[in-house]
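Undergrad: To start, I am sharing the structure in question, which I have written as structure tokens.
The values are calculated or read from the model by the stated rules, or taken from the named source; none is laboratory data. None of these values were measured; they are calculated from a predicted model. All Cβ positions, glycine included, derive from the backbone under ideal geometry; neighbour counts span all protein chains shown. Each accessible area value is taken on the protein alone, full model and side chains, heavy atoms only, with ligands, DNA and RNA left out. Shrake-Rupley method; radii C 1.70, N 1.55, O 1.52, S 1.80 Å.
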Amino acid sequence: MLGSGLILGIETSCDETAAAIVERGARTLSSVVASQIATHARYGGVVPELASREHLRAIVPVVRAALAEASVTLADLDAIAVTSGPGLAGALLVGITYAKALAFANNLPLIAVNHLEGHIHAVLLQERESAAHAQNEGAPGPVFGTWDSTQFSPSSALALVVSGGHTHLFLAQPASGDPNGTWTYTLIGRTVDDAAGEAFDKVAKLLGLGYPGGPWIDALAPYGNPHAVPFAFAQFKPKAHLAGKAPARTKAAKTAPIARLDPHFLFSFSGIKTAVLRYVELQGLRAEAKARVSRVLANFRPPQTREEALALCPQPTLDLIASFQHAVVGDLMKKTFAAAESLGAKRILVTGGVAANHELRARIKSEAEQRGLRIAFPTLALSTDNAAMIAAAAWPRLLAQDFAPPELTADPSLALS
Ligand code: KG4
Ligand code: ZN
């Protein structure tokens, strides 16, 4: 059954059309990502209908490019893996339908991957890649042909998955005694409303900066005073009406119930957006923020460079941006380290688009060092959505012959547990 160990991964859950070829979950031969940023930028957020249309346009050339870059053909593959959820229904369906057709036509098994598991495997892929190099160091023969992932015994970790759609804490553990290298996941905490990346995007939008907002806030924050505005996150207290069931109103709630989670590990990022808006209005920053927004709307052209953005933002706005980022990073850290302490976790993985944030990386690293914990991030390219992480997450499934049924369909609120 196992031949080349090559898996084609396909990812279309949100606004990136991505395909990648990964060998044995440990070596990336190609990773192609077609971003839809230009399409959605003028609306300040992802428009689901446009995302589906763009995926339809991009999926065939992106998959062909991934095969060509890896110098392989469909006949060389052992399997095709595709994100089946969570994400935008229409966007997911494009990837799933194409992957199904490709698998059927080429007589290949199809593997369904949870997008959140993919983000966790972005870090594990890097670790396996390094372990494979170390294992083969000095060996004369093919470096990866002999790579045996079952020889690699990674340790369990607390994983913070923090992106535009998710803010989740999972305890990720290698399944004990499983020769296939399967992982199990236990939900420890999550947002009850907006994701952290969503807060970055919304604050950037209200300040008239570009989309996605995270990279803009990240780039401008070093120019402001992070202590200028004392944003605070109240400790989350479960409300009586939420007890025993998920609040169906919120997106995050649909992906996993909060009822049994420790409230110390719950996040909430919808309030800080309102706090930023209030501050903008009270401090008289509204007029200049509005001017930036209307300039963007008139030209469909947000600032293109850090210098352009800096020239548009007076010091109080930069202070606000720095304070906002400082507060969000502080809250992510506080709950992540509290969860690590409570679980006795010795290792933390931080992944998802917001893991690209420089302040988050620097502060988490320094705190982890002080606490004697190991910390791992994906590279910047692997932090945001990509398909290499999907192909990597599928490898243990291929070993276990855990294939998707022919009736596989999109599950926009698929939980990981
Ligand atoms: O993982 P991802 O590509 O897609 C989702 O699964 O959501 O994450 C995208 C999110 C966006 O909200 C974006 O603003 C945020 O990640 N992001 C950042 C940075 N780069 C991307 N947030 C903060 N700092 C960054 N450098
Ligand atoms: Zn993602």
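Undergrad: What are the residue pairs meeting all of these: first residue in the range 344-362, first residue within 14 Å of Ile217 (Cβ to Cβ), second residue charged (D, E, K, R) and surrounded by fewer than 24 Cβ atoms within 10 Å (Cβ to Cβ), Cβ atoms under 7 Å, and 6 or more apart or on different chains?
TA: Taking only residues 6 or more apart or on different chains, the pairs are Asn357/Asp218; His358/Asp218.
Undergrad: Of all residues in the range 377-408, which are open to solvent by less than 20 Å² (accessible area, probe 1.4 Å) and out of contact with any Gly (no Cβ under 7 Å at 6 or more places or on another chain)?
TA: So in the range 377-408, the residues open to solvent by less than 20 Å² (accessible area, probe 1.4 Å) come out as 378, 383, 386-396, 398.
Across the range 377-408, the qualifying residues are Pro378, Asn386, Leu398.
Undergrad: Okay, moving on. Restricting attention to the range 99-133, report how many residues are free of Cβ contacts under 8 Å to residues at least 24 places away in the same chain and within 16 Å of ligand 1 (Cβ to nearest atom).
TA: Counting residues in the range 99-133 that are free of Cβ contacts under 8 Å to residues at least 24 places away in the same chain and within 16 Å of ligand 1 (Cβ to nearest atom) gives 0.
Undergrad: Can you name every residue in the range 17-42 that is within 16 Å of the chain's Cα centre (by Cα), over 10 Å from Asn386 (Cβ atoms) and buried (at least 23 other Cβ atoms within 10 Å of the Cβ)?
TA: Thr17
Undergrad: Moving on. Name the pairs: first residue in the range 213-225 and free of Cβ contacts under 8 Å to residues at least 24 places away in the same chain and in a helix (DSSP H, G or I), second residue open to solvent by less than 40 Å² (accessible area, probe 1.4 Å) and within 16 Å of ligand 2 (Cβ to nearest atom), Cβ to Cβ under 8 Å, at least 6 apart or on different chains?
TA: So the pair list comes out as Gly213/Phe200; Gly213/Asp201.
Undergrad: Within the range 332-346, can you find the residues that are out of contact with any Asp or Glu (no Cβ under 7 Å at 6 or more places or on another chain) and open to solvent by less than 10 Å² (accessible area, probe 1.4 Å)?
TA: Result: Leu332, Lys335, Thr336, Ala339, Ala340.
Undergrad: Sticking with this structure for a sec: (1) at pLDDT 95 or above; (2) open to solvent by 20 Å² or more (accessible area, probe 1.4 Å): which one isn't true of His168, the others all being true?
TA: (2)
Undergrad: Which is modelled with pLDDT of 95 or more, of a type outside the set (Ser, Thr, Tyr) and over 30 Å from Pro154 (Cα atoms), of Phe324, Phe337, Phe300?
TA: Details: Phe337 fails: over 30 Å from Pro154 (Cα atoms); Phe300 fails: modelled with pLDDT of 95 or more.
After ruling out the rest, the residue left standing is Phe324.
Undergrad: Considering only the range 5-47, how many residues are of a type in the set (A, V, I, L, M), modelled with pLDDT under 95 and away from ligand 1 (no atom under 16 Å from the Cβ)? Break it down stepwise before answering.
TA: The initial filter retains those residues of the range 5-47 that are of a type in the set (A, V, I, L, M), namely 6-8, 10, 18-22, 26, 29, 32-34, 37-38, 41, 46-47.
Filter again for modelled with pLDDT under 95, leaving 26, 37-38, 41, 46-47.
Then keep just the ones that are away from ligand 1 (no atom under 16 Å from the Cβ); that gives 26.
Within the range 5-47, residues that are of a type in the set (A, V, I, L, M), modelled with pLDDT under 95 and away from ligand 1 (no atom under 16 Å from the Cβ) number 1.
Undergrad: Would you check if Ile96 is open to solvent by less than 10 Å² (accessible area, probe 1.4 Å), farther than 26 Å from Leu349 by Cβ, assigned to a helix (DSSP H, G or I) and touching a residue at least 12 places away in the same chain (Cβ under 8 Å)?
TA: On the way: open to solvent by less than 10 Å² (accessible area, probe 1.4 Å): yes; farther than 26 Å from Leu349 by Cβ: yes; assigned to a helix (DSSP H, G or I): yes; touching a residue at least 12 places away in the same chain (Cβ under 8 Å): yes.
Spelling it out, Ile96 is indeed open to solvent by less than 10 Å² (accessible area, probe 1.4 Å), farther than 26 Å from Leu349 by Cβ, assigned to a helix (DSSP H, G or I) and touching a residue at least 12 places away in the same chain (Cβ under 8 Å).
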